[in-house]
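Derivation of every value follows stated rules applied to the coordinates shown; laboratory data play no part. As the structure is a computational prediction, the values presented were derived from the model and not from experiment. For neighbour counting, all protein chains shown are included, and Cβ atoms are generated from backbone atoms with ideal geometry for every residue, glycine included.
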Amino acid sequence: MKTFWVGIFITIFYFMMLLAAIHVFNLTLMSSWNELGDFLSGAFSPVAFLWLVLGYLQQQRELKQNTQALELQASELKNSVDQYREMVQVARDQLSTDREIIEKDSQRLELQYKPDLDIIHANWRMKSGDSTHWEWQFENTGHEARNVTVEFKPDFGTWKKFSWKSMEKIIQLPKQELKKQELPQILIVSIVYESILVKEYKKIITLSLNEDLHYSIQTIT
């Protein structure tokens, strides 16, 4: 705006000086249109050049202002990005903390409601001659177990695979009588069950037959 008023002032001053020069030097009037055109061309050329220069200066000023505005926007954008990164890091830290809390709560609940099944009385109860009578039991020393499956490999007489929907304390297998030659030397018992939190557990017990026809535990995995 300042450049505009400077241009107006110089233009008015220029035409005043032009009129004064015409009056002082007593210049004659133009006698043809060609002379008028030459006069106007010569008179307005400095004004046109003046406004061209002023327009250029104004454009330079506006470009400088635009550049400063863009630099300011870039700085604000950088600050926004830095703040966003800090917010993301805080959110990640909070998420990590929440995950740790959830995992600890999950582990605590898992321990609280974890079943623990094992074999008890895993030997014959009575022996008559070459025959042995078996009455195995499974005991749960933890919380309630669900979807319990017990499987024998190889088959242990009539015992092959048993399933129960729920088990709280003790379950006894059906009684059976086996001869000495029917007893496998190595017996693998697989126990699969779930907690009430629907977490699955699996226990594999390897048993070895002794000379007195008792089974001793070799490994538990």
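How far, in nm, would the chain grow between GLU168 and LEU63 when pulled straight, counting 0.36 nm per residue and subtracting the alpha carbon separation?
Full extension of this stretch gives 29.5 nm more.
Angle, helix 33-112 long axis vs. longest principal axis of the chain, Cα atoms, 0 to 90°, nearest 10?
10 degrees
Place +1 on the Cβ of every Lys and Arg and -1 on the Cβ of every Asp and Glu in the stretch 117-220, take the dipole about the Cα centre, and give the residue among SER208, TRP124, PRO154 whose Cα lies farthest towards its positive end.
The residue sitting farthest along the positive end of the dipole is PRO154.
I need the P(r) histogram for the chain: all alpha carbon pairs, bin width 5 Å from 0 out to the longest distance, whole percents.
With a bin width of 5 Å, the distribution comes to 1, 5, 8, 9, 7, 6, 4, 3, 3, 3, 3, 3, 3, 2, 3, 2, 3, 3, 3, 3, 3, 3, 3, 3, 3, 3, 2, 2, 1, 1, 0, 0.
So how do 186-196, 166-176 stack up, highest first, on mean other-Cβ count within 10 Å?
Descending mean neighbour count gives 186-196, 166-176.
My understanding is that a pair violates if its Cα-Cα distance is over 26 Å; which of LYS160/LYS202; LYS114/LYS180; LYS2/LYS78; LYS114/LYS179; LYS169/LYS199 do that in this structure?
LYS114/LYS180; LYS2/LYS78; LYS114/LYS179
If you stretched the chain out fully between LYS114 and ARG146, how much longer would it get, using 0.36 nm times the residue separation minus the C-alpha to C-alpha distance? Write out the running numbers ahead of the final one.
On the way: separation 32, 0.36 × 32 = 11.52 nm, distance 1.07 nm.
Length gained, LYS114 through ARG146: 10.4 nm.
Would you please put 209-215, 94-100, 148-154 in order of how densely packed they are, using the mean number of other Cβ atoms within 10 angstrom per residue and starting with the highest? Present the calculation step by step, with values, prior to reporting the outcome.
Numbers: 209-215: 12.7, 94-100: 10.0, 148-154: 16.7.
Order by mean packing, descending: 148-154, 209-215, 94-100.
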